[in-house]
Amino acid sequence: MTTTLESVCPLDCPDTCSLSVEVDDGRVVAVDGSRRNPYTDGFICAKVRRYPERLYSPRRILEPMRRRGPKGAGQFVPISWDEALAELSGRLRATLERSGGAAILPYHYGGSNGLFSEEGADARFFHRLGACILDKTICAAPTGIASRAMYGTMSGVPADDYPLARLILLWGVNPAATSIHLFRHLHRAKQAGATIVVIDPVRSKTARLADLHLRPRPGTDVVVALGLAQRLREIGAWDEAFLAQYADGVEAVRSAAAEYSLARVEAESGVPAAQLDELARRYAEASPAVLRCGWGVERNRNGGNAVRAILSLPALAGKFGVRGGGFTMSMSRGFRLDPTALARPDLRREPARHVNMTRLGRALTELRDPPIEVLFVYNANPVAMTPDQNRILAGLRRDDLYTVVHEQVMTDTARWADLVLPATTIFEQNELHKSYGHHVLQYSEAVIPPVGAALSNVELFRRLSQALGFDDAALYDENDLMRSALGPDGAAVASRVRRDRAVAMTFDGREELVQFGTDFPTTAGRRVQLAPPALGEFRYRPEAPSAYPLILLTPASDKLVNSTFGESHLPDPRLKVHPDDAVARGLADGDVARIYNDLGEVHLPVRLSADALPGVVSMPKGLWCDATRNGSTSTALIADDLTDIGDGACFNDARVEIERLDSRSS
Ligand SMILES: Nc1nc2c(c(=O)[nH]1)N[C@H]1C(S)=C(S)[C@@H](COP(=O)(O)OP(=O)(O)OC[C@H]3O[C@@H](n4cnc5c(=O)[nH]c(N)nc54)[C@H](O)[C@@H]3O)O[C@H]1N2
Ligand SMILES: Nc1nc2c(c(=O)[nH]1)N[C@H]1C(S)=C(S)[C@@H](COP(=O)(O)OP(=O)(O)OC[C@H]3O[C@@H](n4cnc5c(=O)[nH]c(N)nc54)[C@H](O)[C@@H]3O)O[C@H]1N2
Ligand code: SF4
Ligand SMILES: [Mo]
């Protein structure tokens, strides 16, 4: 008999949908959207509707496994959980005694955005163990630091309010792929007469909706944003009254912007002066006007300065204080969670060694005294997702490194493990969910028993704590995780969200969020900080000369979430190349290209497309190694350089050359 149960999508996607799951005889047979979370409104993406394929795929890891063949060969023998836990806890204990916690590196990111599974039970365990702290910089570090320094915990304009706006400015974001519920509101807004502006080098699906599309050369947004600020000032569109009442640091923006005339912006970024002027005029006139800043902007050498310059625009032009006006970045601060109470860094007994996750390859190959001896990967697939793939592989090849990977499916990273541990999916565990795209807190419970011998992160770390003899109560209590995450009213909110499954956050007692209306900056004086000391002076680093003339972008695709589903959903990826760049290299549509630089090479067929900007090629992020002709993916071409603010990853700053390898294509 089929029953319909509720769940929540925990993937690293801003929409955090409520799900309706059909279960038959302990098996998930269908997944769709529900209305429990009003924002989901009964529909979800095609990826997650196909989730049952992934749940029961031949790639699903069903039991603990020990490596048998050479590292990376993907040959394993099944073992019991008792054996696996004894081996792993023995290894951790021996490493602690010999080299200390600094030799143990947990590596984790957004595989599960749930509060129990990421920075919850795991963090408590690794703090107690005394392992390295991973600095989480691979995504949202520059945007997070810039927005927090400027606005504190003030949240963003909700997507449901976008249809109220007269102008929507989408900057380095492609919601057609990455936030489909926002995309639907863009259609509504357009039908209601709103002007849609997109700033993106690529003519994305979102850009096709735009009334005005600015196509800067990647990495030049700081110039475009400061140029826009300058033009707004020249046409008298700075809201001096708002700035006097609510902003600090105005003078610093004024003098930084003064250097960027329309002509200079055009020379640096390639955005025609007339287009920027048109944008300034339309933005100045429109109210409400909302700016959605995406994560495409931050992933280059100027990313942090670009974001701060962009986020200053709604203040300069006085766009706050009305519903549907202001900006949206991550919305997760609207939940007012208590990450410290959740992660419990006080369980740690010694100071920690910090490792920047963007530089995993270097951590594995260069750190000394002690070197990393145990790498513990969960909620992440670094072989596919982290810069400098070849350096990471060199690290994983080390005989004296013990790699453990807790995973749902046999990923490119899990193949390199010495010990593979089976992880549950959201359908097999309980979880508490915040979101970075809306304000509905959600709770979900297991709808089926674990598939195979899979364990949730919470259960794995509980059993490891037991095996290591840790007796702190905080390592064992799921209820405590829930209450402590939810701040001072934790117990009350916990019981509400358990009962109702979905609870909308409120702002000043109301569900309506109006920036500078119901929600204010939590920075000094409740004023926006346009030039906070933490961000330093405005800086712009022009492109360094390079032997490799093309910029490689790797945006999100609508077929995957990061690398999740990459085993099946993107069978025939292509490198998008502008016809002029292709013709200059003798490449025809479908030819297989060698894309290369000093770090590595990727062999992939090309697609000729005017959607690409001349000089800029792109391929989807998150491909699995077997999706390309030579087993390397985009991260083999991406250096582990760090962004200007937040030490983040520079995914979209890679420089490459391409040449024809052969004219065959599948
Ligand atoms: N379907 C799907 N949804 C996802 C994800 C996924 O992989 N698949 N990933 C999730 C995650 S983890 C994240 S962080 C978000 C990311 O979602 P988005 O914020 O949409 O970010 P990206 O896809 O990285 O890039 C968005 C756009 O920025 C453009 N871009 C690249 N460089 C520049 C630049 O220098 N300047 C400007 N102006 N634009 C630039 C790209 O061409 C791209 O069209 O999406 C989430 N949602
Ligand atoms: N080339 C390129 N690379 C990029 C980017 C880019 O723009 N270009 N952007 C990046 C961005 S935005 C991000 S956010 C990162 C994402 O990097 P990752 O977070 O490493 O990417 P995912 O593919 O989401 O890998 C998550 C893995 O966690 C597993 N998982 C899911 N839930 C659980 C769980 O409950 N327990 C355990 N143990 N495992 C679980 C999934 O099966 C999946 O394999 O990648 C970055 N990589
Ligand atoms: S990936 Fe995003 S759009 Fe798809 S179900 Fe999950 S939250 Fe919803
Ligand atoms: Mo991300």
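The values are calculated or read from the model by the stated rules, or taken from the named source; none is laboratory data. Model, not experiment: these values are computed from the prediction. Counting neighbours? That spans all protein chains shown, and the Cβs are built from the backbone with ideal geometry, glycine included. Note: accessible area is taken over every heavy atom of the protein model, side chains too, but ligands, DNA and RNA are not part of it. Shrake-Rupley method; radii C 1.70, N 1.55, O 1.52, S 1.80 Å.
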Length added when fully stretched, Thr2-Ala258, from 0.36 nm per residue minus Cα-Cα: 85.6 nm
Round to a whole number: what % of the accessible area of the stretch 104-217 belongs to carbon and sulfur, probe 1.4 Å? 53
Could you tell me which of the pairs Lys434/Lys576; Lys319/Lys621; Lys71/Lys559; Lys71/Lys621; Lys190/Lys319; Lys205/Lys621 are separated by over 28 angstrom between their Cα atoms in the structure shown? Lys434/Lys576; Lys319/Lys621; Lys71/Lys559
Compute the separation of the alpha-carbon centres of the stretch 1-80 and the stretch 388-402 and state it in Å as a whole number. 29
Compute the accessible area per residue over the chain, keeping the other protein chains in place, probe 1.4 Å, unit Å². 36
Within the chain, which is the longest segment that contains none of the chymotrypsin sites (Phe, Trp or Tyr not before Pro) sitting in a DSSP loop with at most 15 other Cβ atoms within 10 Å? 57-666
Pair Ala273, Asp346: separation of 7 Å Cα→Cβ label points (nm): 6.1
Net charge contributed by nearby residues that have their C-beta within less than 12 Å of Gly361 (K/R +1, D/E -1): +2
What residues from the stretch 154-193 fall in the zone where the backbone N is under 17 Å from a label point 7 Å along the Cα-to-C-beta line of Arg510? 155-162, 164-165
Quick check: net charge around Asp472, other residues with Cβ under 14 Å of its Cβ, Lys/Arg +1 and Asp/Glu -1? +2
Measure out, as a whole number of angstrom, how far apart the alpha-carbon centroids of the stretch 163-231 and the stretch 330-387 sit. 33
Is there a quick way to get the dipole size of the chain? I mean about its Cα centre, with the Cβ of Lys and Arg at +1 and of Asp and Glu at -1; what is the value in debye to the nearest 20? 480
Evaluate the distance, in nm, between pseudo-label points positioned 7 Å from the Cα of Glu366 and of Arg398 along their respective Cα→Cβ axes. 1.3
Using a cut-off of under 12 Å, list every residue of the stretch 533-575 whose amide N is near the label point 7 Å from the Cα of Asp598 along the Cα-to-beta-carbon line. 545-548
Given a 1.4 Å probe and every protein chain left where it sits, what share in percent of the accessible area of the stretch 296-400 is carbon and sulfur? 48
In the stretch 166-180, which residues have a backbone nitrogen under 20 Å from the label point lying 7 Å from Ala46's Cα in the Cα-to-Cβ direction? 174-180
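Taking 0.36 nm per residue of separation and subtracting the Cα-Cα distance, what length does fully extending Asp211 through Ala588 add? Can you show the working numbers first?
Values: separation 377, 0.36 × 377 = 135.72 nm, distance 3.15 nm.
This chain segment gains 132.6 nm when fully extended.
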What distance in nm separates the two pseudo spin-label positions at Ala524 and Glu445, each 7 Å out from Cα along the beta-carbon direction? 5.0
Calculated FRET efficiency for the pair Asp472/Arg35, C-beta based, R₀ 45 Å, to 0.05: 0.65
How long is the gain from Glu234 to Glu543 if the chain were fully straight, where each residue apart is worth 0.36 nm and the alpha carbon distance is subtracted? 108.4 nm
Which aspartates and glutamates, on any chain, are close to Lys136 with Cα under 13 Å apart, when same-chain ones fewer than 8 places away are left out? Glu118, Glu119, Asp647
